1. Quick one: which residues, 5 or more positions from Gln48 or on another chain, have an amide H under 5 Å from its amide H? H modelled 1.01 Å from N in the peptide plane, none for Pro or chain starts.
2. Which loop-located chymotrypsin sites (Phe, Trp or Tyr not before Pro) does the range 11-93 contain, where loop means any DSSP state but H, G, I, E or B and the Cβ has at most 11 other Cβ atoms within 10 Å?
3. Could you work out how far apart the two model spin labels at Val89 and Lys11 are, taking each label as a point 7 Å from the Cα in the direction of the beta carbon, and quote it in nm?
4. Tabulate in residue order the Karplus-calculated ³J(HN,Hα) for the range 44-55, using 6.51 cos²θ - 1.76 cosθ + 1.60 with θ = phi - 60°, rounded to whole Hz; enter x for Gly and Pro.
5. Give me the base-10 log of I(q)/I(0) for the range 15-58 at each q in 0.19, 0.33 Å⁻¹, Debye formula, one uniform scatterer per Cα, rounded to two decimals.
Amino acid sequence: MVNRKLTNGLKLPGLCSVILDEVDVLFDDPEFADTLEKIETSTPVKTQYIHVTATLPVDVCDAILENHPTSIPLMGPGLHCTATGLQEVYVLI
């Protein structure tokens, strides 16, 4: 749906942020580069791109930094931890 709208001249002048989840999967998709380029040409230059993934292969990180050189990678072992005070309950099925 997004691709169809982008090819019809979609413009997003008020867009502040684009959040891309599972970027490790997206960057492995050969068609994604074209889609991302269409999104980038439809949005203001100042649009913030947020790339999210649980696993970030080095080649994907390098590709992001190549396309968005001002990006700041935030990685670490504690980013997927359960929030303090949250009680976890495990159910054996």
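1. Sorted by chain and number, the residues that satisfy this are Ser17, Val18.
2. Passing both the DSSP loop test and the Cβ count: Tyr90.
3. In this crude label model, Val89 to Lys11 measures out at 5.3 nm.
4. For the range 44-55, the Karplus-derived couplings read x, 4, 7, 4, 8, 10, 10, 9, 10, 6, 7, 10 Hz, x marking Gly and Pro.
5. Reported log10 I(q)/I(0), two decimals: -0.61, -1.17.
The numbers here are math on the coordinates, done by the rules we state, and not lab data. Given the structure is predicted, the values throughout are model-derived calculations rather than measurements. All Cβ positions, glycine included, derive from the backbone under ideal geometry; neighbour counts span all protein chains shown.
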